[in-house]
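Every number in this text was worked out from the coordinates using simple rules, so none of it is lab data. What you are looking at is a predicted structure, and each value in this text was computed from that prediction instead of being measured.
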Amino acid sequence: MRWWKWLGLAGVAGVAATGVVIARAERRRRAYTPEEIRQRLRERVEEQDDRPGEDHTQG
């Protein structure tokens with residue numbers, strides 16, 4: 001095969017692999033209940049508030 005065919009096959013394989021990764025991430029994201037999402041967001045906010053020396057005010 002010529003080099004451009006191999007390059008094309010590698011591109012198709014890369015696109016397919018990217019699609020698999022995105023689909024997995026989406027399934028994982030949708031597996032959370034709304035309450036679990038709220039809890040995780042609250043935990044992240046608490047972590048940010050606990051860090052000293054950072055200004056979290058908007059302005």
Whole-Hz Karplus couplings 3J(HN,Hα) for region 20-27, θ = phi - 60° and coefficients 6.51, -1.76, 1.60, Gly and Pro as x, run 5, 4, 5, 5, 4, 5, 5, 4
Calculating Kirkwood radius over Cα pairs in Å from this structure picks out, from [x] 13.2; [y] 13.8; [z] 15.6, entry [z]
Summing -39500 (n - 2.57) over every DSSP H run of at least 4 in the chain, dividing by its residue total and rounding to the nearest 500, the 222 nm mean residue ellipticity is -26500 deg cm²/dmol
A chain fully extended from Ile22 to Arg42 at 0.36 nm per residue, minus the present Cα-Cα distance, gains in nm 4.6 nm
In order over region 6-11: 3J(HN,Hα) from phi, Karplus 6.51/-1.76/1.60, θ = phi - 60°, whole Hz, x for each Gly or Pro, gives 5, 5, x, 5, 5, x
With 0.36 nm assigned to each residue of separation and the Cα-Cα distance removed, Ala31 to Trp6 gains 5.2 nm
So the angle from the long Cα axis of helix 34-50 to the longest Cα principal axis of the chain, reported in degrees to the nearest 10, equals 70 degrees
